[in-house]
1. For the residue pair B:ALA405 and B:ALA143, what label-to-label distance in nm results when each label sits 7 Å from Cα along the Cα-to-beta-carbon direction?
2. So which aspartates and glutamates pass the test for A:LYS97, namely a Cα distance under 12 Å, with those fewer than 8 places away in the same chain ruled out?
3. So, in Å, what gap is there between the alpha-carbon centers of segment B:345-415 and segment B:246-274?
4. In chain A, if the dipole is taken from +1 on Lys/Arg beta carbons and -1 on Asp/Glu beta carbons about the Cα centre, which of A:VAL283, A:ILE376, A:GLN404 is farthest to the positive end?
5. Going toward the positive end of the dipole of chain B, with +1 on Lys and Arg Cβ and -1 on Asp and Glu Cβ, which of B:LEU437, B:PHE120, B:HIS301 do you reach last?
6. Report, in debye and to the nearest 20, how large the dipole of chain B comes out about its Cα centre when Lys and Arg carry +1 and Asp and Glu carry -1 on their Cβ.
7. Taking the Cα centre of each part, how many Å lie between segment B:34-105 and segment A:285-342?
8. Which value at 222 nm does chain A reach when only helices count, each DSSP H run of 4 or more adding -39,500 (n - 2.57), with the total divided by all residues and rounded to the nearest 500 deg cm²/dmol?
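No value in this document is a laboratory result; all are computed from the given coordinates. The structure displayed is predicted, hence computed values, not measured ones. Neighbour counts are summed over all protein chains in view; Cβ atoms, including those assigned to glycine, are modelled from backbone coordinates with ideal geometry.
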Amino acid sequence: MSPEAQSRGTPIPSTENLLLDYIHKLERHRHGRSACRIRLSLLQPTNRREHQIRAALLTFDGLIRRLKGQVFALSNSDIVVIFKDVALDEVQAALIKLRFLFDDDPMLMREDEGHAAFVEWYVVDKDYQTLLRMAQSLVNEDIERRTQDKNRADEAAQPTQRQKAREPLTPALLAKLQTALMGADLANMMRRQAVCAMVGQAPPQPLFYELFFSIGELQETLLPNVDLGSSPWLFQELTETLDYRVLSLLNRHDDRSLSGDVSINLNVQTLLSQDFLTFDDGVKTNQRGTIVIELQKVDVFADLNAFLFARDFARERGYRICIDGVTVDSLPFIERGRLGIDLLKLAWDASLVEGKLPDGSTLADYVRKCGPSRTILCRCDAGNAIQVGQSVGITLFQGRHVEQLLAAETRLRGGYAKRRS
Amino acid sequence: MNLSPRDPGGPETVTQEHLLLDATERIGRVRDGRMGVHLHLSRLKPQNRQEGYLRVAGRMLEPMVSAYRGQIFLLSNSDIIFIVSQPSALDLKDHIHRLRGLFAKDPLTNDDSGDGTDHFCTIYDLTFDYDAFVEIVKAALAAARTKARASATAELKPLDAASLSGVLEKLTMLDATPFVRRQSAISLAGGGNAQVIFQEFFVSVGDLQRAIAPDVNLLGNRWMFQHLSRVLDQRLLEAMRRLRLTKAPPAMHINLNIPSLADPAFQALDQALGEAIGLGVEMQILDVLADSRAFFEAHRHLKERGRHLVIDGLNEATLNFMDVGRTGADLYKLDWTPEMQEPHRRDSILAALRHVDPAKLLLARCDSETAIAWGIDHGLQKFQGRYVEAMLAATTMGVCDKAAACTLAQCTARHAVIAGPLRQECGNNLMLDTPPLIRTPKRKAPTP
């Protein structure tokens, strides 16, 4: 990663983070404001599809336009509305519309019988601390969910791990899945995970965020009893279908995901497709340098000539390229410099503690040759991964533990704001 | 702008060629300052002009073409023609240069056949060359029409998940024996002789396709084929169990996926061959990368059993872009292609060869004498391919008492199969299974 990129590393804040920030800012403007949390997450899954959530959000459109309130669409589907009391009637009206929208849902039908409320109310002045705690726990839940999704995705992509009890993916099931995915809006299965620079004890500095589909959720939703990772080749074919879904999602202009430094997973053939060219049309010239394209190692080597062609094109357009899916065992075969690739992602494995590659050479030597600021250690689920990585010179990290450190950092910032008052 | 280069051109479809002719005729009145550029991408090697490549090439030119109020046309023969108005000469040159760079691997981009003609690109200054430009545009339209009529015949469908499912179903009940082929590899033994070092047994995908999926291209989707090959492994191992030869070759090689080594059928084959007959397992580098840990484990196991490991399907690019020597394999198979002789590839080929010990390198797919001569020139000693098969058959016929009744083509075809009518037609199966000692092919052997 180039120094420019490092200094540019602005994270994309999640809605949960935005909400927390906003509540901090409200601390001195508590008076005359109310808030409500609409628990769409308690509705039946069939009632909280993307378009329904969007319809729900639309009911608050007037409020936002007249600057009387703020609306936050959380990743668990809930909506939080914070508004000036003068707009109370307007909010009530919107809520009536919303109840009407979902009135066939058991959640709303049972509401009067003492079950959890569909709408939770807060008077900002009086309930400020409650509100703050709620926002903080939402941030934590979101991070937790993201890391779980990422881990599930990793597991699904790694046929050697777990999941033996499910039935294997067959070509017939894959064909069905591909058809189902063709028209599906996968926006709510899109997840992000930060790739961070971590030097010494300093808090992680996000450089970019990997956007990926939660394979775990995809599996649960569409083929709950099937192990999508059982055949590496069928899985690879599935990723080509997913490529087109991710590109079409990112092509939608209302999507905020692409407003920062991100990486996306694509196949070489996708880079040469009309869909990618259309995506490329929508990306501003100065933004391409902030987009990293992650390619799987098998895909790179499956047709090296196609890879070289796609690489030259992508670099010419300003994208950066990262080779993904590298393990300690395949590391000796991958020479980042020779391949003309910007970044390499190595998956954490307990055997890395020994600092040796299968051919007897040392990991430290490899990292030196590959470039310490060009090697990302991913799937860092525990602190020792980062210690080991740092001990061999790696400075870039991704994974559950990194997300936890980031979350702790956010909590710390929250705490600081509180003391300030 | 329509950038799809492969629109099927029916009679009523407006093709890119039509649009190009329209545009050309329209600018006939105001030719001043306009340039027409013809990029002869149809002259690239087929592997370098895949649809995606052409799409990207068109994209690279788009900004310039729109900056100079022009139009771009992707023709059905893969050529690109664009017309621009008063372009900056530097800009034009720069874009063509970058495009040339993108296709630098292809000899077309630096081939000038000594007369200074640029075979990659022709630039027409329409102020002066308008008529010549109209001619090539009309010729392109005529060619596109002929091509559209010719290509009306059905093409094979690429393998997809649904068709693979059907293919796998048919495979479950199938005895693969009729589709198993064998091919011998030879090593130059010194003293002017060459001898067979092993026979490779494999399923002929072409024959299998004709038999069970005549409308599908089984090799048309890499990932789907990789999955299919796992099932083919099982069928091949079964067929090998039933294999009855009158005389076994010094060693047998089979192509397998790594997980298939754990298959009981493989272990049974290993046991059955015992110490007398060598066994080599050939695998693709892609398989090694897909699960390197499993690969190293499988390799260790093969070594313990004294069996050989072969990395198959290498080319100049794989040798140059990864250190295959780190697999520690016993043999590396480099696929011969006629392009390897091209002068501009020389440095790259020599670099590729330096990565592997020449004694462990085998030149595969040698379908001509040229291939063998090239290999000998580059210090290789091991060869395999159709030409080698023909040499072996010719030698067999020289010593076979039943040879008078056969042709060389028959003998070659009978060598290739392991059962069935072709083999039964041969009057001397022992001769068929006994690898002959052949004379080392000479560097410049006279044509037989």
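1. Each label point is offset 7 Å from its Cα along the Cβ direction, giving 5.3 nm.
2. Here the aspartates and glutamates satisfying the reach criterion relative to A:LYS97 do not exist.
3. 24 Å
4. A:GLN404
5. Toward the positive end, the furthest listed residue is B:LEU437.
6. Details: 52 positive and 53 negative charges, 168 e Å.
So the dipole magnitude of chain B works out to roughly 800 debye.
7. 25 Å
8. -14000 deg cm²/dmol, from helical runs alone.
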